[in-house]
Amino acid sequence: MKTRLALLLALALPAAGAVGADTIVPPDEFLAYAEGYTLTFEQDGEFAGAERFGPDGAVTWQTPEGVCLDGLMRAYDERLCFYYGVSDVVQCWHVLRDEQGLKVQSLGDGPGEPGLTYRITGRSRQPLSCGGPERETRVGPDEPLSPPVPRPARW
């Protein structure tokens, strides 16, 4: 219990002495923080979406418009990669800690190209409000990550 509390505090609070520096949070540490929770994301102070992290890599992303997409998440090295079945696109992200807390940054489209950055602004046990025609289920938690995550040379 003390170890879990220490881990949660380490993830939720900025690192001491790390002013201006981004530190990559290892996927296993982030997943210990996120699994079983819904995280809220903002970009430039605006709601960018929310993600529910279930067991065994099951995730549900809710867009700002309220549309929910079920998907799968897998860790590769220092990255978390997500697949929602919408296209062949697998989105990979780094989880970073800075002086303000946690944020995620997508890998750009090519070397040296910046990706999207979302600040994690909330963590709750509340489920997402999904259902009805706005819910899109394309992959299930028991399916392998398919198509396979492409492993570009920069991995």
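Within the range 73-89, the residues that satisfy the criterion of being within 20 Å of residue 25 (Cβ to Cβ), of a type outside the set (Ser, Thr, Tyr) and either in contact with a strand residue (DSSP E or B) (Cβ under 7 Å, 6 or more places away or on another chain) or part of a strand (DSSP E or B) (or both) are 73, 74, 75, 78, 79, 80, 81, 82.
Against the test of being of a type in the set (A, V, I, L, M, F, W, C), modelled with pLDDT under 95 and under 18 Å from residue 117 (Cα atoms), the options 82, 41 yield a single qualifying residue, 82. Scanning the range 55-64 for any residue that is crowded, with 16+ Cβ neighbours inside 10 Å, closer than 18 Å to residue 29 by Cβ and touching a Leu at 6+ places or on another chain (Cβ under 9 Å) turns up at least one such residue. One residue is enough: does the range 46-68 have a residue meeting the conditions within 16 Å of residue 124 (Cβ to Cβ) and assigned to a loop (DSSP other than H, G, I, E, B)? Yes, the range 46-68 has at least one match.
Considered as a group, the residues in the range 26-41 that are aliphatic (A, V, I, L, M) and over 14 Å from residue 93 (Cα atoms) include one that is surrounded by the fewest Cβ atoms within 10 Å (Cβ to Cβ), and that residue is 32.
The values are calculated or read from the model by the stated rules, or taken from the named source; none is laboratory data. Everything quoted here is computed from the prediction, not taken from an experiment. So basically every Cβ, Gly included, is an ideal-geometry build from the backbone, and we count neighbours across all protein chains shown.
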